[in-house]
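First comes the structure, then the notes that go with it.
The values are calculated or read from the model by the stated rules, or taken from the named source; none is laboratory data. Nothing here was measured: the structure is a model prediction, and the numbers come from that model. Here Cβ is always computed from backbone atoms with ideal geometry, including for glycine, and neighbour counts include all displayed protein chains. What goes into the accessible areas is simple: the full protein's heavy atoms, side chains included, and nothing from ligands, DNA or RNA. Shrake-Rupley method; radii C 1.70, N 1.55, O 1.52, S 1.80 Å.
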Amino acid sequence: MDIVVRGERLGDEGAIGVVNCRAFSSADTAQIVCDMRAFSPTYDRRFSVCAWDGEQMVGHALFNPLRMRLMGETVAALLVGP
C-alpha cells in the first residue's frame with residue numbers, strides 16, 4: 001500500500017462522498033460536505049485533504065477556517081471534520 005495525501009481537486013467530489021459514506025455508514029456526512037462546498041463562503045479546497053491508494057480514495061479530512069476566542073483573544077483556527 002502506497003498512500004498519497006494531497007489537497008482536493010476538481011473531480012474528487014464523488015470519491016469524497018463515497019469515502020464519507022463508507023466511513024460513517026450514512027449519506028448524511030457526505031451531504032454535509034457537499035452542502036459546505038456549495039453554500040459555505042469559507043469552503044476552500046486547500047483545506048480539504050484526500051488520501052489515495054493508487055486510483056482509490058481511502059481517506060478524507062476537511063478543515064474549516066474559523067475565528068474563536070482563546071484565553072481572552074480572538075484567534076484564527078481550523079475546525080477538523082467530518
Would a scan of the range 65-75 turn up a residue that is in a strand (DSSP E or B), closer than 19 Å to residue 19 by Cβ, open to solvent by less than 80 Å² (accessible area, probe 1.4 Å) and free of Cβ contacts under 8 Å to residues at least 60 places away in the same chain? no
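Could you check the range 27-41 and list, in sequence order, the residues that are touching a residue at least 24 places away in the same chain (Cβ under 8 Å) and small (Gly, Ala, Ser)? Please lay out each step first, then the result.
Here is the first cut: in the range 27-41, the residues touching a residue at least 24 places away in the same chain (Cβ under 8 Å) are 29, 32-33, 36-37, 40.
Listed by number, the list holds a single entry, 40.
Conditions tested, residue by residue: (1) of a type in the set (A, V, I, L, M, F, W, C); (2) part of a helix (DSSP H, G or I); (3) in contact with a Lys or Arg (Cβ under 8 Å, 6 or more places away or on another chain).
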| position | (1), (2), (3) |
| --- | --- |
| 1 | yes, no, no |
| 4 | yes, no, no |
| 11 | no, no, no |
| 14 | no, yes, no |
| 17 | no, yes, no |
| 22 | no, yes, no |
| 30 | yes, yes, no |
| 34 | yes, yes, no |
| 37 | no, yes, no |
Just name the residue that is least open to solvent (accessible area, probe 1.4 Å) out of those in the range 32-50 that are within 14 Å of residue 61 (Cβ to Cβ) and β-branched (Val, Ile, Thr). 33
